[in-house]
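The values are calculated or read from the model by the stated rules, or taken from the named source; none is laboratory data. This one's a predicted model, so the numbers in the text were calculated from it and none came from an experiment. Neighbour counts are summed over all protein chains in view; Cβ atoms, including those assigned to glycine, are modelled from backbone coordinates with ideal geometry.
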Amino acid sequence: MEHDGKRTMRPLPETNVVPKRRRLENEKMSTLMSLSEYFPPESFPLYKFPSPIAEYSVTKERNVVPGRAEAKYFYGKILEKDAAFHFDLNKGFEIFESKDDLLQDERLDILSKWLISRAAPNVGLSEVCFHADFVCYRGLLTRIASTPYDVMEDWIVGAVRIGSTIFLCEFRTEEKKLRQEMLDRRDKLMCYWGFKFEQYVTTDSPDSPLKEKQLSWSLYLTTPVTDQVVSNMKEFDVVMRTTLGNKGGGIRLLFSAETDCLDSEGHYLELKTQAYGMVSNFWKLKAMKWWIQSFLAGVQQIVVGIRDNKGVVRSVKRVKVAELCRRAVDWTPSRTFNFLLDVLTLIKSRMYEVHSLSYMLFEYNHANGKITFRHVPTEGDEFAQYRFLSDDFLKHFGAGAE
């Protein structure tokens with residue numbers, strides 16, 4: 001699937017042009033883009049349907065193993081016409097194992113481990129990364145693309161270039177750290193509800209020799225087990241490659257997407273919960289974020305558990321991702337993806353003005369509506385704070401300064 005809206009050439013938002021590397025590296029902060037001066041075309045930029053190139057699982061110990069060891073499968077009987085259920089999403093909250101409490105600064109570690117696992121030492125990094133311009137997590141792309149409408153959400157993205165490959169990593173802002181520290185029990189409980197819902201509607205990989213004959217998995221799925229400890233320490237991820245932008249001048253992306261489950265046809269599926277149905281304000285910011293997240297990875301359907309304010313789900317529905325943008329309120333898909341394309345294009349330009357292995361920070365601040373950039377010192381506390389590629393990773397790929 002491609003969206004081949006023609007993209008006309010237009011001046012990008014004014015930036016502080018810095019012709020020399022040394023001058024750029026000595027600057028504290030410069031403007032990359034201002035939202036008030038951003039006027040994208042109405043047409044949707046070309047976005048090639050993403051190609052899954054690998055699947056990997058992350059164990060509870062945060063080790064990376066190839067394949068679907070930690071994959072979950074959607075229990076299709078949930079959607080049968082006369083299905084009746086009462087999913088209490090509060091159960092097990094007190095013993096929830098949350099990676100957010102233990103792994104606040106995991107950075108790009110998991111994706112780096114996967115890249116190391118698929119290549120012998122000193123193999124060309126660009127080749128291993130499928131000659132991508134950018135390597136990152138899907139969540140970072142979703143964050144940037146949401147910015148034209150989710151204007152109050154600040155973000156910080158670190159970047160480092162090795163040869164022709166730019167790695168991106170999102171860091172928590174001070175405001176976000178403070179919000180997380182101030183979460184009360186109710187806030188944490190509501191975050192937990194989504195993970196408990198996943199347990200209610202998924203099962204482990206079917207263990208049947210007949211599955212090799214490509215018969216429907218739904219014939220062999222066992223009933224979901226809902227009395228075990230809920231943990232998000234384990235995960236199933238899909239690595240995808242795609243191109244954003246017109247042919248010949250597009251941005252090549254390689255990203256990893258944590259994936260909730262697979263359906264009976266083997267398609268990737270997102271699972272969500274929503275209070276009191278998909279009404280009123282849902283079709284603004286929340287629908288937009290769901291759509292961006294799913295569309296980036298080529299996910300075409302979302303299963304939604306409709307809950308009440310007490311965290312009890314009594315109905316489940318399947319929603320087509322295309323419906324989210326058809327019913328959009330106060331947002332347009334083209335603006336989100338044009339913004340993502342333009343920001344990545346500007347970041348790429350800046351990263352080629354500094355030496356390989358030089359770290360830079362790109363920050364969006366809602367107070368002034370600007371994205372700024374600055375160079376990270378090559379040593380000291382700030383370097384340690386924002387460095388996100390390990391010595392093991394650099395050594396494995398023989399990476400060094402230009």
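For the reader, a short list of remarks on this structure follows.
- Restricting Arg252, Arg186, Arg241 to residues that are of a type in the set (Lys, Arg), at pLDDT 95 or above and in contact with a His (Cβ under 7 Å, 6 or more places away or on another chain) narrows the list to Arg252.
- Those residues of segment 109-139 which are small (Gly, Ala, Ser), part of a loop (DSSP other than H, G, I, E, B) and surrounded by 15 or more Cβ atoms within 10 Å (Cβ to Cβ), in sequence order: Ala119, Ala132
- Taking segment 335-365 as the range and being of a type in the set (S, T, N, Q) and either modelled with pLDDT under 95 or buried (at least 18 other Cβ atoms within 10 Å of the Cβ) (or both) as the test, the residues that pass are Thr336, Asn338, Ser358.
- Per the listing Leu269, Leu262, Leu324, the residue uniquely touching a Lys or Arg at 6+ places or on another chain (Cβ under 8 Å) and surrounded by 21 or more Cβ atoms within 10 Å (Cβ to Cβ) is Leu262.
- Thr142 vs. criteria crowded, with 21+ Cβ neighbours inside 10 Å and under 22 Å from Gln293 (Cβ atoms): yes
- Among (1) in contact with a Leu (Cβ under 7 Å, 6 or more places away or on another chain); (2) part of a loop (DSSP other than H, G, I, E, B); (3) closer than 24 Å to Leu324 by Cα - the single one Asn246 does not satisfy: (3)
- Residue within segment 191-201 that is on the phi < 0 side of the Ramachandran plot, among the aliphatic types (A, V, I, L, M), touching a strand residue (DSSP E or B) at 6+ places or on another chain (Cβ under 9 Å) and at pLDDT 95 or above present: yes
- Residue that is nearest to Met33 (Cα to Cα) [pool: residues in segment 366-402 that are hydroxyl-bearing (Ser, Thr, Tyr) and surrounded by fewer than 16 Cβ atoms within 10 Å (Cβ to Cβ)]: Thr378
- Considering (1) within 21 Å of the chain's Cα centre (by Cα); (2) small (Gly, Ala, Ser); (3) over 24 Å from Gly194 (Cβ atoms), the lone condition that Gly124 does not fulfil carries the number (1).
- Selection status of Leu269, closer than 18 Å to Gln301 by Cβ and either at pLDDT 95 or above or assigned to a strand (DSSP E or B) (or both): yes
- Taking segment 309-402 as the region of interest, the helices (runs of 4 or more DSSP H) fully inside it that hold 1 or more residues being among the β-branched types (Val, Ile, Thr) and under 22 Å from the mean Cα position of the chain (by Cα) are 321-326, 333-351.
- A single member of Gly277, Gly266 is over 26 Å from Glu170 (Cα atoms) and in contact with a strand residue (DSSP E or B) (Cβ under 8 Å, 6 or more places away or on another chain), and it is Gly277.
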